[in-house]
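Taking it in order: structure first as structure tokens, then the write-up.
What follows draws every value from the coordinates through simple rules; no lab data is involved. Given the structure is predicted, the values throughout are model-derived calculations rather than measurements. For neighbour counting, all protein chains shown are included, and Cβ atoms are generated from backbone atoms with ideal geometry for every residue, glycine included.
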Amino acid sequence: MILRAAWKLRCNLPPLSVMPLFLLGSLLIFPLTFADILPRIDLAWPSRQVARMLEDQPAGKLISVGFGEPSLAFLNDTETRMTNARGAVPLLSDESFRYLLLEGRQKQRLVALAPGQLDKLQLLQAFESYNYSKGKRLKLELYAKP
């Protein structure tokens, strides 16, 4: 259909004659893209990835350092604490906070502020994702207290 419209444009037909074909094509492509294809791309939904990783883990609160997407709290637990490295230091000693989600750029800051604390945690998974609201790639690490 789109190829047919492109062929008509190539043959120097008036652009308005191909508009119905482009409109029909977009009416078929856009709903499929936004309802089916985009939601399945895990790279764009880091909060959903974290929720899947924590499904099979024991219950516990989550500290998110450097990643503050609101859906993280909704998908995981309403008691998820979103903070920076400085705010995470006192929370690491709180036993109710069992998990730590650490954004790559915050890792050095956390290690400098709380030497040895990260070594006490078990790395569950490191993964890359994309923050679509800021347009930046993310390197995230999910840790758990043993």
Length gained if Ser93 through Asp56 is fully extended, taking 0.36 nm per residue and subtracting the Cα-Cα distance, is 11.0 nm
With label points set 7 Å from each Cα along the Cα-to-Cβ direction at Lys134 and Leu113, the distance between them in nm comes to 1.5
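For region 116-146, which trypsin sites (Lys or Arg not before Pro) are both in a DSSP coil and crowded by at most 16 other Cβ atoms within 10 Å?
Qualifying residues, ordered by number: Lys134.
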